[in-house]
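Encoded as structure tokens, the structure appears first; notes follow it.
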């Protein structure tokens, strides 16, 4: 594969993490590398920790490690973390 593809999952609920993890596993099954960047979540989740062990899947979280990022209560530190994640995703 000469180039990568980007999929963005947004919105409240609806299984965004589940969809991303499913696509990552599918790609890894075909020998492709996958990068997952999460912008709202920063807490450790068992499914993410399990996939971090896979050599073809990279998962990075840019949300607040102490809580969910709430749209109506965004802090400057949270904005900086999101910008860092966006820069990483562009690489």
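The values are calculated or read from the model by the stated rules, or taken from the named source; none is laboratory data. This one's a predicted model, so the numbers in the text were calculated from it and none came from an experiment. Don't worry about glycine lacking a Cβ; one is built from the backbone with ideal geometry, like all the others, and counts go over all protein chains shown.
For this structure, a couple of remarks:
- Flag if residue 78 is at pLDDT 85 or above and in contact with a helix residue (DSSP H, G or I) (Cβ under 9 Å, 6 or more places away or on another chain): no
- Residue in the stretch 2-11 that is part of a loop (DSSP other than H, G, I, E, B), in contact with a strand residue (DSSP E or B) (Cβ under 7 Å, 6 or more places away or on another chain) and modelled with pLDDT under 90 present: no
- Residues considered: 15, 46. Of these, the only one that is on the phi > 0 side of the Ramachandran plot and either in contact with a helix residue (DSSP H, G or I) (Cβ under 7 Å, 6 or more places away or on another chain) or modelled with pLDDT of 85 or more (or both) is 15.
- The set of residues from the stretch 8-21 being within 19 Å of residue 52 (Cα to Cα) and loosely packed, with under 11 Cβ neighbours inside 10 Å is empty.
- Scan of the stretch 33-82 for residues that are touching a residue at least 12 places away in the same chain (Cβ under 8 Å), farther than 19 Å from residue 18 by Cα and either in contact with a strand residue (DSSP E or B) (Cβ under 7 Å, 6 or more places away or on another chain) or part of a helix (DSSP H, G or I) (or both), ordered by number: 77, 78, 81, 82
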